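Asker: Dumping the structure here so I can ask a few things about it.
The values are calculated or read from the model by the stated rules, or taken from the named source; none is laboratory data. Note that the structure is a prediction, hence the values are computed from the model and not measured. Here the Cβ positions follow ideal geometry from the backbone for every residue, glycine too, while neighbour counts run over all protein chains shown.
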Amino acid sequence: MAIIVKRIDVWVGEIRDHPGGLLDKLDVVAESGADLTFILARRQIERPGTGIVLLGPLKGAKQQNAARLAGFYKPAGLAAVHIEGPNKPGSAAAAIRSISQAGISLQALQAATIGSKFMLVLAFDSEEDADMAVKLAKAAAKKKGK
């Protein structure tokens with residue numbers, strides 16, 4: 001299995017911090033047919049009673065309109081890259097190392113393993129940083145594969 005590296009969009013929304021607060025938002029998006037790669041939700045400690053959720057990607061006008069209806073938006077200053085591949089020691093580190101050595105700072109990282117695969121979602125401060133990260137991660141994957 002090859003390592004897959006691609007740009008993805010991230011949508012952000014606020015939720016009420018109560019049972020079902022997240023589900024209220026996700027149901028609207030799910031009904032549009034969205035097949036999400038990731039969802040990250042957490043309480044906002046600085047704003048009691050609220051939470052924040054990040055999700056993506058959304059494809060097409062129907063999914064994007066549903067997300068807007070649920071209160072999601074695409075934030076400025078946030079660009080993301082999705083990386084997945086075989087879960088071998090050092091695979092994720094190779095991509096992150098190449099990005100770091102190029103002087104690109106991560107805004108956030110979400111990582112998971114599922115069976116024999118790993119998945120990363122890396123967030124950057126600009127489209128340019130994310131585009132460069134894609135190139136670097138692909139090069140690192142080729143180098144690691146040799």
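Asker: If ALA112 satisfies every condition in (1) more than 27 Å from GLY77 (Cβ to Cβ); (2) of a type in the set (Gly, Ala, Ser); (3) without any contact (Cβ under 8 Å) to a residue 40 or more places away in the chain but one, which is the exception?
Answerer: It is condition (1) that ALA112 fails.
Asker: Turning to a different aspect of this structure: Could you give every pair whose Cβ atoms fall below 9 Å, whose first residue belongs to segment 116-145 and is not assigned by TED's automatic domain parsing to the domain that holds PRO86 and in a strand (DSSP E or B), and whose second residue is surrounded by fewer than 14 Cβ atoms within 10 Å (Cβ to Cβ) and modelled with pLDDT of 90 or more, counting only separations of at least 6 or pairs across chains?
Answerer: Matching pairs, first to second residue: none at all.
Asker: Look through LEU106, LEU40, LEU54 and report the one residue that is in contact with a strand residue (DSSP E or B) (Cβ under 8 Å, 6 or more places away or on another chain) and without any contact (Cβ under 8 Å) to a residue 24 or more places away in the chain.
Answerer: Values: LEU40 fails: without any contact (Cβ under 8 Å) to a residue 24 or more places away in the chain; LEU54 fails: without any contact (Cβ under 8 Å) to a residue 24 or more places away in the chain.
The match here is LEU106.
Asker: Where residues in segment 84-111 are among the β-branched types (Val, Ile, Thr) and at pLDDT below 95, which of them is farthest from ALA133 (Cα to Cα)?
Answerer: Keep residues of segment 84-111 that are among the β-branched types (Val, Ile, Thr), which gives 96, 99, 104.
Then drop every residue that is not at pLDDT below 95, which leaves 96, 99.
Numbers: ILE96: 9, ILE99: 6 Å.
Result: ILE96.
Asker: Anything in segment 53-101 that is crowded, with 16+ Cβ neighbours inside 10 Å and in contact with a Gly (Cβ under 6 Å, 6 or more places away or on another chain)? List them, or say none.
Answerer: Across segment 53-101, the qualifying residues are VAL53, PHE72, SER91.
Asker: Can I ask one more? Given ALA66, ALA2, which one is touching a Ser or Thr at 6+ places or on another chain (Cβ under 6 Å), among the aliphatic types (A, V, I, L, M) and either assigned to a helix (DSSP H, G or I) or under 19 Å from VAL121 (Cα atoms) (or both)?
Answerer: Every option except ALA66 fails the conditions.
Asker: Okay, next question. Which count do you get for residues in segment 69-106 that are of a type in the set (S, T, N, Q) and assigned to a loop (DSSP other than H, G, I, E, B)?
Answerer: Our first condition is that a residue be of a type in the set (S, T, N, Q); within segment 69-106, this holds for 87, 91, 98, 100-101, 105.
Then keep just the ones that are assigned to a loop (DSSP other than H, G, I, E, B); that gives 87, 105.
Adding up the residues that qualify gives 2.
Asker: Which of the residues belonging to segment 102-130 are farther than 12 Å from GLY85 by Cα, surrounded by 14 or more Cβ atoms within 10 Å (Cβ to Cβ) and under 15 Å from the mean Cα position of the chain (by Cα)?
Answerer: Within segment 102-130, LEU106, GLN107, GLN110, VAL121, LEU122, ALA123, PHE124, ASP125, SER126, ASP129, ALA130 meet the criteria.
Asker: Among the residues of segment 75-99, how many are out of contact with any Phe, Trp or Tyr (no Cβ under 6 Å at 6 or more places or on another chain) and under 30 Å from VAL28 (Cβ atoms)?
Answerer: Residues that pass the stated criteria total 9.
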